Structures are given as C-alpha cells and as structure tokens.
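Take a look at the structure set out below.
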Amino acid sequence: MASCNYSTSSNAAVLRLLILCIFGSCSAGNFFKDFDITWGDGRAKILDNGKLLTLSLDKASGSGIQSKNEYLFGMIDMQLKLVPGNSAGTVTTYYLSSQGPTHDEIDFEFLGNLSGEPYIVHTNIYTQGKGDKEQQFYLWFDPTADFHTYSILWNPRTIIFYVDGTPIRVFNNLESRGIPFPKNQPMRVYSSLWNADGWATRGGLIKTDWSGAPFTATLRNFKANACVWKSGKSDCKKSSTKPWSSQELDSESQERLKWVQKNYMVYNYCADTKRFPQGLPQECTFNTTSTN
C-alpha cells in the first residue's frame, strides 16, 4: 500500500466541518436524547451525561441502539473507537435503515481481526430490499487507538461514505438508467456490536476467542444535519438550502477518493465476474471504481 497520506486534505475537511458548526448547522448529540437502546440486556451503556455510549459483546449477547428520529436525506456523522486487540469474529455496525422486506439501507460494518491485522470496513447499499453492492476497504490508521469520524452523506443525487472527511465510496442516483436509488423511505440510524464469526473474519475461518470478552466499542459525537421525518412528512422544505442537499465531490475530493480506492480497496462487487457470471450489475456499466 502507498505511504502517501492526505493530512492536508483532512485538515481542509475538518475546516469545512468547523465552518458548518459556526453557522449553526451541526451540534454534538446526546445519546439520551437521540437514541434508544434496543437490545443487549444492559450491555449498551450511555455514559458521561449522554456524551458517550459503549456497546459490549460477550458469549451470551451483543447490543444495539437505534435513533429516536427517522431521517430522509442528510449528513450523518458518528465517531467510533473500535474493539481493540483480537476482535476476530466480531462486527461493529453503524448504518441507516428503513423497515420491512423492501427496506432501504446504507451500511458501514467494521469486521474484526486478529491482533495486529487491519480492520476491514465493509460497505453496502440496499434499495427496495435488494443489496449485493458490497465494497470493502482497509483503513490507513488504527481505528482502535482513538476515535475517528465515519459519515454518510445522503441526498437525492448521491450517497457518499466518508472516513475523517475523506470519501471512500460514492453511489450515484442512476434512476434515469432504470437503476433504483434509495430516496423515498425515511431511515433511522443504528449501531450494534455482535458476533458474526460464521463469516466476518476470513470468511468464517477464524472464530471469536471468547477469552477476550467482553468486547467493547465506544461511540461519541453523533451529528445529524438532516431532514427529520415526522407524521408522514419531512421537516425540510422541498427546495432545501442545506449545504448537503446538493453536495457532490469536488475535484480535490475526487482525487482523494481515487487514492483510497487505488490503495485500500480490497473488494469491489463491480469487479467480481465470478460472482456475476451472467454480467455485472447494471450500475457498474455506467460507473468506474472511482465514481461508484
């Protein structure tokens, strides 16, 4: 992997976030106010007056949360510090999802590893109940040593996955080509920590070592600069002037995306001809690796 880094670009991304905050369009969340603990029998804990949340996993159960609000488009940020040490078999998730058999979903999943091996970030997108759009990446830092910001930009034009302000994946709206795009179903924000040793680490070859349990991931600084869905309608005007509502990648961000995908992508469904022997999914025809 290349030794190049984008510290200057990362600083620019942080500056952009600070500008948004100055103009009042972002604020630090409070887990008591923003989320419900939905499962885990006490294994998820809200700490520090709502500023911090921990998810834990032991042999009996994992744990999970969901946002109180539903959103239809927005910029969603969460800072996570992942399970340290030998986390093989565990999966920490952070994603948006609606409900039902024809649900929409936008996924970050962090696949655990043996000590000293890098985490794999698994991304996927579901539209009307159909996924099969996986891309996976290594991270260029240790995600267990400190908090890092994982963001989902979702507007009518595009979905962009960011890590510390650096885009790693783009999925554009190609409805004009007959390809479904998630735009009609409001989604909640979810996070969970659970055991997936049947598939998560090297395809299930490496199992969870329960001698290291409980495993713990920590979350903070949830921000939803987004349209809240209440009583069957959005609280945003149709012609939203929010900065994310028409945001796409500028030329600098496109170069950073290419850098990530060239050096850190480890799986791309649009290159998996064995999986799709009858032909790659239709959207792959219209997009290169660096744009979808």
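The values are calculated or read from the model by the stated rules, or taken from the named source; none is laboratory data. Quantities reported herein were computed from a predicted structural model and do not represent experimental measurements. Neighbour counts run over all protein chains shown; Cβ positions are idealised from the backbone, glycine included.
Assorted remarks:
Results for (1) surrounded by fewer than 21 Cβ atoms within 10 Å (Cβ to Cβ); (2) under 19 Å from ALA200 (Cβ atoms); (3) among the charged types (D, E, K, R), shown as yes or no for each residue.
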position: HIS122; (1), (2), (3): yes, yes, no
position: ASP132; (1), (2), (3): yes, yes, yes
position: GLN136; (1), (2), (3): yes, yes, no
position: TRP140; (1), (2), (3): yes, no, no
position: PRO143; (1), (2), (3): no, yes, no
position: THR149; (1), (2), (3): yes, no, no
position: ILE152; (1), (2), (3): no, no, no
position: PRO156; (1), (2), (3): yes, no, no
position: ASP164; (1), (2), (3): yes, no, yes
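- For region 109-143, a residue qualifies if it is within 16 Å of the chain's Cα centre (by Cα), polar (S, T, N, Q) and at pLDDT below 95, but none of them does.
- Against the list (1) surrounded by fewer than 19 Cβ atoms within 10 Å (Cβ to Cβ); (2) β-branched (Val, Ile, Thr); (3) closer than 23 Å to ILE37 by Cα, the condition ILE106 fails is (1).
- Total residues in region 111-131 satisfying the condition of being closer than 30 Å to SER211 by Cβ and either among the β-branched types (Val, Ile, Thr) or outside any strand (DSSP E or B) (or both): the figure is 10.
- Residues in region 210-217 include none that are in contact (Cβ under 8 Å) with a residue 60 or more places away in the chain, surrounded by fewer than 18 Cβ atoms within 10 Å (Cβ to Cβ) and touching a helix residue (DSSP H, G or I) at 6+ places or on another chain (Cβ under 9 Å).
- Number of positions in region 56-90 that are within 17 Å of the chain's Cα centre (by Cα) and not in a strand (DSSP E or B): 2
- Filtering region 175-232 to residues that are among the charged types (D, E, K, R), assigned to a strand (DSSP E or B) and over 20 Å from PRO84 (Cα atoms) leaves ARG188, LYS223, LYS230.
- Evaluation of GLN254 against (1) outside any helix (DSSP H, G or I); (2) within 21 Å of ASN173 (Cα to Cα); (3) not charged (D, E, K, R) (one fails), failing number: (1)
- Qualifying residue in region 68-78 (condition: among the polar types (S, T, N, Q), modelled with pLDDT under 95 and more than 27 Å from MET265 (Cβ to Cβ)): no
- Verdict on LEU205 being touching a residue at least 12 places away in the same chain (Cβ under 8 Å) and either out of contact with any Asp or Glu (no Cβ under 9 Å at 6 or more places or on another chain) or surrounded by fewer than 19 Cβ atoms within 10 Å (Cβ to Cβ) (or both): no
Conditions tested, residue by residue: (1) among the aromatic types (Phe, Trp, Tyr); (2) free of Cβ contacts under 8 Å to residues at least 60 places away in the same chain; (3) within 30 Å of ASP48 (Cβ to Cβ).
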| residue | (1), (2), (3) |
| --- | --- |
| ALA224 | no, no, yes |
| SER234 | no, no, no |
| SER245 | no, no, no |
| SER253 | no, no, no |
| LYS258 | no, yes, no |
| LYS262 | no, no, no |
| PHE276 | yes, yes, no |
| PHE286 | yes, no, no |
